[in-house]
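As structure tokens, the structure follows; a few thoughts come after it.
The values are calculated or read from the model by the stated rules, or taken from the named source; none is laboratory data. What you are looking at is a predicted structure, and each value in this text was computed from that prediction instead of being measured. All Cβ positions, glycine included, derive from the backbone under ideal geometry; neighbour counts span all protein chains shown. Calculation scope for accessible area: heavy atoms of the full protein, side chains included, ligands and nucleic acids excluded. Shrake-Rupley method; radii C 1.70, N 1.55, O 1.52, S 1.80 Å.
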Amino acid sequence: MAEFDLSEHPHRRFNPLTKQWILVSPHRTRRPWQGQQEKPPRESRPSYDSTCYLCPGNERAGGVRNPPYTSTFVFDNDFAALLPDTPQGERKEGDLLIAQAERGICRVVCYSPDHSLTMAEMDPPAIRRVVDVWAEQYKEIGARSFINYVQIFENKGEIMGCSNPHPHGQIWSNETVPQEPYIEGQAQAEYRARKGSCLLCDYAALETRQRVRMVCDNGHFIALVPFWAVWPFETMILSRRHIASLLELSDEERDALADILRRLTVRYDRLFEVSFPYTMGIHQQPTDGRNHPAWHLHLHFYPPLLRSATVKKFMVGYEMLANPQRDLTPEAAAERLRSLPETPAP
Ligand code: H2U
Ligand code: ZN
């Protein structure tokens, strides 16, 4: 019998942040990138679209008009999933029917007045302004006594359910810490109690040494394909310094975050030469007023595309019933992303 090889033999990998397992089946991708790589023409969009509800000066649902904004613009979501004035209460019938009222605030963040851009196409100072708005919003919303967690995220691309190509993201914040960050918070706290160090500091150091899963880095941030990635080209951005939220970033570190965001999203766009869809989110410490010494700021990118602009990964079958699975190894995905240019397509 041959010796166990991560690049060849089926195996499972452990995600220490969520304590979930993922099945990796590298032998299924032995055939490298065969088949056509059809390149649908890059859609070109106007800088202003009179029918877009996010463009400056346009009317949104409900009749409110956007101001003639010139950089970023934040507004309360007109169809907010969570509302600040929901009455408090709960239902509990034994151990089986349990419900709790949940208050929150939802906002939309326009990255730019230019309808035609994506983050990958914005210049570094413009992305830096988005970083500043994220930090401001996290601070302002998180300071409300009934808000204990602030989730900043972006759905990009129609295939991710994004309703509008205008560059924008969202913020949903609420009373309780939602599932994913709750689980990640527990795992980080347990790791710290057990090892006396930070899970993601240790992980960043390990990946900086091994480099096989690194995509790109700068003095303050690294972008990598996690060892336990589920989505084919999933990545994570980690701060090198142990900080728990955007608020702790220095001026220089904010620029560095903008830099790595641009370089990573440009690489994504170069992968299949299409505007690359993804869900991106920032994980920061809860805003519950407590200390979270184990929390380490990071961003997740979850892109669904598999091997071309049209072949998408679905989480079905075994993945819904057992656990997620991938064929392409995280190391092979990182190598592909690493080899791409950081300049936009001509
Ligand atoms: P997506 O980025 O996932 O498409 O979401 C856009 C958000 O914009 C969505 O949450 C909100 C929707 O509720 N929206 C408004 O707040 N006002 C509008 O006029 C249209 C859409
Ligand atoms: Zn627009």
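The one condition from (1) open to solvent by less than 30 Å² (accessible area, probe 1.4 Å); (2) farther than 24 Å from Pro277 by Cβ; (3) at pLDDT 95 or above that Ala126 does not meet is (2). Checked against (1) at pLDDT 95 or above; (2) farther than 30 Å from Phe146 by Cα; (3) in contact with a strand residue (DSSP E or B) (Cβ under 7 Å, 6 or more places away or on another chain), Lys312 passes all but condition (1). Of all residues in the stretch 317-346, those that are of a type in the set (A, V, I, L, M, F, W, C) have Cβ atoms under 6 Å from Cβ atoms of residues that are assigned to a helix (DSSP H, G or I), 6 or more apart or on another chain, in Leu328/Thr29; Leu337/Arg267; Leu340/Arg267; Leu340/Arg270. Filtered by the rule that a residue be closer than 18 Å to Ile152 by Cβ and part of a loop (DSSP other than H, G, I, E, B), the stretch 104-129 gives Tyr111, Ser112, Thr118, Met122.
Please verify whether Gln210 is closer than 30 Å to Pro84 by Cβ, without any contact (Cβ under 8 Å) to a residue 24 or more places away in the chain and either surrounded by fewer than 22 Cβ atoms within 10 Å (Cβ to Cβ) or of a type outside the set (Val, Ile, Thr) (or both), treating the condition exactly as stated.
On the way: closer than 30 Å to Pro84 by Cβ: no; without any contact (Cβ under 8 Å) to a residue 24 or more places away in the chain: yes; either surrounded by fewer than 22 Cβ atoms within 10 Å (Cβ to Cβ) or of a type outside the set (Val, Ile, Thr) (or both): yes.
The answer is no for Gln210.
Residues in the stretch 52-74 that are modelled with pLDDT of 95 or more and of a type in the set (Gly, Ala, Ser): Gly57, Ser71.
Assess whether Leu305 counts as being crowded, with 19+ Cβ neighbours inside 10 Å, touching a Lys or Arg at 6+ places or on another chain (Cβ under 8 Å) and not small (Gly, Ala, Ser).
Working: crowded, with 19+ Cβ neighbours inside 10 Å: yes; touching a Lys or Arg at 6+ places or on another chain (Cβ under 8 Å): yes; not small (Gly, Ala, Ser): yes.
Yes; evaluated as a whole, the condition is true for this residue.
Listed conditions (1) out of contact with any strand residue (DSSP E or B) (no Cβ under 9 Å at 6 or more places or on another chain); (2) open to solvent by 60 Å² or more (accessible area, probe 1.4 Å) are all met by Asp114, apart from (2). In the set Ala143, Ala189, Ala193, Ala120, only one residue is closer than 30 Å to Pro341 by Cβ and among the aliphatic types (A, V, I, L, M); that residue is Ala120. When restricted to residues that are among the polar types (S, T, N, Q), touching a strand residue (DSSP E or B) at 6+ places or on another chain (Cβ under 7 Å) and within 13 Å of ligand 1 (Cβ to nearest atom), the stretch 152-191 contains 2. Any residue at all in the stretch 141-150 that is surrounded by fewer than 21 Cβ atoms within 10 Å (Cβ to Cβ), modelled with pLDDT of 95 or more and within 16 Å of ligand 2 (Cβ to nearest atom)? No, the stretch 141-150 contains no residue that is surrounded by fewer than 21 Cβ atoms within 10 Å (Cβ to Cβ), modelled with pLDDT of 95 or more and within 16 Å of ligand 2 (Cβ to nearest atom). Restricting the first residue to the stretch 143-154 and requiring it to be aromatic (Phe, Trp, Tyr), which pairs with a second residue that is away from ligand 1 (no atom under 16 Å from the Cβ) meet a Cβ separation below 6 Å and a spacing of at least six or different chains? Here the result reads Phe146/Arg103; Phe146/Glu175; Tyr149/Val177; Tyr149/Pro286, each pair linking the stretch 143-154 to a residue that is away from ligand 1 (no atom under 16 Å from the Cβ). Touching a helix residue (DSSP H, G or I) at 6+ places or on another chain (Cβ under 6 Å), assigned to a helix (DSSP H, G or I) and modelled with pLDDT of 95 or more - does that describe any residue in the stretch 228-246? Yes.
Within the stretch 171-190, take every residue that is within 17 Å of Phe75 (Cβ to Cβ) and open to solvent by less than 40 Å² (accessible area, probe 1.4 Å) and give me the one that is farthest from the chain's Cα centre (by Cα). Step through it out loud before you land on a result.
Of the stretch 171-190, the ones within 17 Å of Phe75 (Cβ to Cβ) are 171-173.
Subsequent filtering for residues that are open to solvent by less than 40 Å² (accessible area, probe 1.4 Å) retains 171, 173.
Details: Ile171: 12, Ser173: 16 Å.
My answer is Ser173.
Considering the stretch 57-84, and only residues there that are more than 14 Å from ligand 2 (Cβ to nearest atom) and assigned to a strand (DSSP E or B), the residue that is nearest to the chain's Cα centre (by Cα) turns out to be Val74. Considering the conditions (1) open to solvent by 10 Å² or more (accessible area, probe 1.4 Å); (2) under 25 Å from Phe272 (Cα atoms); (3) in contact with a strand residue (DSSP E or B) (Cβ under 8 Å, 6 or more places away or on another chain), Glu331 is excluded by exactly one of them, (3). Considering Thr279, Thr287, the condition of being open to solvent by 10 Å² or more (accessible area, probe 1.4 Å), part of a loop (DSSP other than H, G, I, E, B) and farther than 20 Å from Ser339 by Cα is satisfied by Thr287 alone.
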